[in-house]
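Below: the structure, in structure tokens.
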Amino acid sequence: MLGSFVGKIQKGLSLFTPRRSTLSHSSEDQLEAATIVPDDVKEGHFAVLAIMGEETRRFVVELEYLTDPVFMGLLDRAGEEYGFSQKGALTVPCLPGELQEILDNRKAEYLKKVSLISNFSV
């Protein structure tokens with residue numbers, strides 16, 4: 001029990017010490033990096049990397065996109081290509097412009113529905 005307590009304190013303190021720069025990372029470093037959420041990823045959002053060839057772009061996406069059939073298709077592709085044990089930002093195998101188009105289309109559909117509802121209720 002004391003060992004567990006000491007381990008937690010050491011882990012907490014390690015957040016305040018500078019990282020060593022090495023090319024190889026231990027599994028502990030990878031686990032810690034995977035659990036740290038960047039400041040721009042707000043509650044109800046997650047980070048996605050769109051990667052195709054040399055093109056890479058990071059997106060912060062609302063959790064609601066997990067119900068979008070087109071976005072789910074990208075996740076299926078990611079599962080086939082990378083497996084299901086990704087850590088950190090989710091990586092999808094598509095051009096960044098393709099993911100941007102999916103996000104924009106979903107947003108446009110939402111705005112269209114809101115407009116129809118507000119016109120109907122007037």
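Throughout, read-outs are computed from the coordinates displayed, never taken from laboratory work. For clarity, every value in this text was computed on a predicted model and none was experimentally measured. All Cβ positions, even for glycine, are placed from backbone atoms using ideal geometry, and neighbour counts span all protein chains on display.
Here are some notes:
- Theoretical gain in end-to-end length, residue 108 to residue 56 [0.36 nm per residue, Cα-Cα removed]: 16.3 nm
- Peptides ranked, highest mean first, by Cβ atoms within 10 Å: ranges 43-56, 74-87, 93-106: 93-106, 43-56, 74-87
- 3J(HN,Hα) from dihedral phi, segment 48-62, Karplus parametrisation 6.51/-1.76/1.60, rounded to Hz, x for glycine, proline: 10, 9, 9, 10, 8, x, 8, 7, 9, 8, 9, 10, 10, 10, 6
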